[in-house]
1. Sort through Pro73, Pro119, Pro135 and tell me the only one that's touching a residue at least 60 places away in the same chain (Cβ under 8 Å), within 28 Å of Glu25 (Cβ to Cβ) and either loosely packed, with under 12 Cβ neighbours inside 10 Å or charged (D, E, K, R) (or both).
2. Taking the condition of being without any contact (Cβ under 8 Å) to a residue 24 or more places away in the chain and either surrounded by 14 or more Cβ atoms within 10 Å (Cβ to Cβ) or not assigned by TED's automatic domain parsing to the domain that holds Val134 (or both), how many residues in the range 82-95 meet it?
3. Quick test for you: out of Tyr4, Tyr70, Tyr77, pick the one residue that is assigned to a strand (DSSP E or B), under 30 Å from Cys139 (Cβ atoms) and in contact with a helix residue (DSSP H, G or I) (Cβ under 9 Å, 6 or more places away or on another chain).
4. Tell me the residue from Lys105, Lys48, Lys79 that is closer than 26 Å to Glu25 by Cα and more than 14 Å from the chain's Cα centre (by Cα), please.
5. Can you confirm whether Tyr125 is within 24 Å of the chain's Cα centre (by Cα), assigned by TED's automatic domain parsing to the domain that holds Ser22, hydroxyl-bearing (Ser, Thr, Tyr) and within 22 Å of Phe20 (Cβ to Cβ)?
6. What pairs come out if I take residues in the range 23-41 that are at pLDDT below 85 and pair them with residues that are of a type in the set (S, T, N, Q) and surrounded by 12 or more Cβ atoms within 10 Å (Cβ to Cβ) whose C-beta lies under 7 Å away, six or more apart or interchain?
7. Regarding the range 101-111, can at least one residue be identified that is in contact (Cβ under 8 Å) with a residue 60 or more places away in the chain, assigned to a loop (DSSP other than H, G, I, E, B) and either assigned by TED's automatic domain parsing to the domain that holds Gln14 or surrounded by fewer than 15 Cβ atoms within 10 Å (Cβ to Cβ) (or both)?
8. In this structure, is Phe20 in contact with an Asp or Glu (Cβ under 8 Å, 6 or more places away or on another chain) and surrounded by 15 or more Cβ atoms within 10 Å (Cβ to Cβ)?
Amino acid sequence: MTIYFGYEKKKVLQALRYHFISRPEIRIMIILVNVFAIATFTLYFLKKIQPLAFLVGSLLWIILMISFWYILPAMVYRKAVTFKHEFSMTFEQDGFSLGHENGSKSWKWEALKNYLESPHFFHLYFDSRSFLLVPKDGCKDSDEVFELRGLIKSKVKKG
């Protein structure tokens, strides 16, 4: 199966948000900051701390959410030239390849550590930091998306 695609900025930003939020270290940090914010609110409500501590906790929560939701995805999108090109990708039983006007690269399925599926993409992970975003829009129809999902699911473990 061969698909052809380019990247839409809005969808890529959403996929990058999904990537960052799915990272275990970021999830733990968000949980800890939320617990801290709830604790400062509770202590402030019980008049155990001053308003400044509650304000600092709230500000920390707001900064963290803005950075993971807006700043980090925008920085990655801006730095990566990849999202501004057109590609073709071929999926076969023994591996897959990514083609571009300047060349192509092939991989065996064993090169992938795991995969995730978000609303518009398949995230194919080589390791915890390097991955390919494969847009579902590159497929002709929902049957081809279903077929690609089945192939990826049979070859790579889900993350």
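The values are calculated or read from the model by the stated rules, or taken from the named source; none is laboratory data. Note that this is a predicted model, so its numbers are computed, not measured. Every residue, glycine as well, gets a Cβ built from its backbone with ideal geometry; the counts of neighbours run over all protein chains shown.
1. On the way: Pro73 fails: either loosely packed, with under 12 Cβ neighbours inside 10 Å or charged (D, E, K, R) (or both); Pro135 fails: either loosely packed, with under 12 Cβ neighbours inside 10 Å or charged (D, E, K, R) (or both).
Sole residue among the options that is touching a residue at least 60 places away in the same chain (Cβ under 8 Å), within 28 Å of Glu25 (Cβ to Cβ) and either loosely packed, with under 12 Cβ neighbours inside 10 Å or charged (D, E, K, R) (or both): Pro119.
2. The total comes to 1.
3. Details: Tyr70 fails: assigned to a strand (DSSP E or B); Tyr77 fails: assigned to a strand (DSSP E or B).
From the options Tyr4, Tyr70, Tyr77, the qualifying one is Tyr4.
4. Result of the check over Lys105, Lys48, Lys79: Lys79.
5. Working: within 24 Å of the chain's Cα centre (by Cα): yes; assigned by TED's automatic domain parsing to the domain that holds Ser22: no; hydroxyl-bearing (Ser, Thr, Tyr): yes; within 22 Å of Phe20 (Cβ to Cβ): yes.
Here the answer is no, as Tyr125 does not meet what is asked.
6. That search, which allows pairs on different chains as well, returns Ala37/Ser58.
7. Just the residues of the range 101-111 that are in contact (Cβ under 8 Å) with a residue 60 or more places away in the chain, to begin with: none.
No, that holds for no residue.
8. Details: in contact with an Asp or Glu (Cβ under 8 Å, 6 or more places away or on another chain): no; surrounded by 15 or more Cβ atoms within 10 Å (Cβ to Cβ): yes.
No, not satisfied.
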